[in-house]
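> Encoded as structure tokens, here's the structure I'll be asking about.
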Amino acid sequence: MKYLLIIGDGMADDPVPELGGKTPLETAEKPIIDQLSRRGQLGSVVNCPKEFEPGSATAIMSIFGADPLRYYHGRGPLEAAAQGIALADGDMACRCNMVTLEDADKPYDERRILSHSAGSIDGETADELISQLWASPEFAALAREYDIEINPGSSFRHFAVMHHADIDGIRLIPPHDHLGEVIGPLAPSGCAVAGKLDALQRAAFRFLDQHPLNVIRRANGLLPANSIWFWAEGTAAILPDFAEKYGHSGEVVSAVPLVRGIARLSGLPAPLVEGVTGEIDTNWDGKCQKTIEILSRCDFAALHIEAPDECTHNGDTPGKIQSIQWLSSRETGPILDWLRSCGEDFRILLLSDHKTLTSNRAHGGDPVPFLLYDSREQTCSGLDYTEANGLKTGLFVPQGTALMDMLFDA
Ligand SMILES: [Zn+2]
């Protein structure tokens, strides 16, 4: 028996007026996903407990069977795990995004944040800017004083680890949920560590705003990576062992450090496929081939596609629809062909982890549709994979932590 989990990050949405009142899932042509949905079970699930801001950290943890209410101590440590960064007692890990603040003749605090990803900046430029920033005299002196280190990630996603950091009461804000807003009220707050992070963000803006690479980016019509943004703080994380819990094991394919970190902390390897970006220009075929390769030697594989979520944050509705279509045609299709030819029965769980809303480019915590397909039995929901159809069947799973038992038919 083979077991396949496919996650289309943030592909669920609310109806969009510009799409004639349909959602992107209802608009996209995705015949292979719809075929699985029609021949299998379709339902709705809540992956984000209402106690937390909706997002992939808690949603993906739930899907992999770790109850966020018990195991979630912040997103940073989950992502740090993906990089093999082990946190010591008293360490705080957080994300350090490259972001775009508006070009305007205004004080720092009155500027708006335009992009949480510096316009989906490429990895090479991002690494160059972040390395130069952390080596620049003013910034480096502050970082030494505050005992904070940077671990360059991929593209706009970098990580910081601060030692001996008491983050009780800290308030850091996810930048992708506040695009277009003035940054003053969004600054780190709540404790002494927050004040240090705020000082670092201001120093970063002074160094980066007129950096030659940003001058070139502006000249080329690209958004400058003119500041950094700390968020997703947390302390060391321990998750239940996946193989021990479910009696099945395998590997996880994802571009996103958060997802690879959750996998690794659950004891599942998460090999990085060359050319993946977490955006619509990712290596679609490489991820598909890697998933097939894992299934050929393990009984479980998980494939995570970030593009629908990033497209939504970027206000790119056609890109979101395209990425859903490619999830169907370039990932699910070829993997399904391989499964049908491998000589074993198989079960597939496919879902969106949370909603990402076109209306405000932020995450939503409503139930999301999931489909469960078994090659041995056709339960025949008769319905396409959409938000409304997922609710219509009456199959409602109040906690995403139940999903993996459903996939393994436990
Ligand atoms: Zn997102």
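Every read-out reported here was derived from the displayed coordinates using simple, explicitly stated rules and does not represent laboratory data. What you see is a predicted model, and the numbers here were worked out from it, not measured in a lab. A quick note on method: Cβ atoms are made from the backbone with ideal geometry, for glycine too, and the neighbour counts reach across all protein chains shown.
> With +1 on the Cβ of every Lys and Arg and -1 on the Cβ of every Asp and Glu, and nothing else charged, how large is the dipole of the chain about its Cα centre, in debye rounded to the nearest 20?
My answer is approximately 340 debye.
> Same structure, new question: For Lys106, go through the lysines and keep the ones whose alpha-carbon is under 27 Å away, minus same-chain ones fewer than eight residues off.
Here the lysines satisfying the reach criterion relative to Lys106 are Lys196.
> Still on this structure: Would you list which lysines come within 23 Å of Lys50, measuring only between C-alpha atoms, while excluding same-chain residues fewer than 8 positions from it?
Lys355, Lys392
> Relative contact order of the stretch 92-234, please, whole-number percent, based on alpha carbon pairs below 8 angstrom and at least 6 residues apart.
About 37 percent, as a whole number.
> Taking the dipole about the Cα centre of the chain, with the C-beta of Lys and Arg at +1 and of Asp and Glu at -1, give me whichever of Pro15, His176, Pro68 is farthest to the positive side.
The residue sitting farthest along the positive end of the dipole is Pro15.
> At 222 nm, what value in deg cm²/dmol follows for the chain if DSSP H runs of at least 4 each add -39500 (n - 2.57) and the sum is divided by all its residues, to the nearest 500?
-10000 deg cm²/dmol
> I would also like to ask the following. Which is farthest toward the positive dipole end of the chain among Pro318, Pro137, Ala187, measuring Cα position about the Cα centre, with Cβ charges +1 (Lys, Arg) and -1 (Asp, Glu)?
Farthest towards the positive pole: Pro318.
> Please give the Cα centre distance for the stretch 349-397 versus the stretch 70-146, rounded to the nearest Å.
34 Å
> Anything over 29 Å Cα to Cα? Flag those among Lys30/Lys290; Lys22/Lys245; Lys2/Lys287, in the order listed.
Violating the 29 Å Cα-Cα cut-off are Lys22/Lys245.
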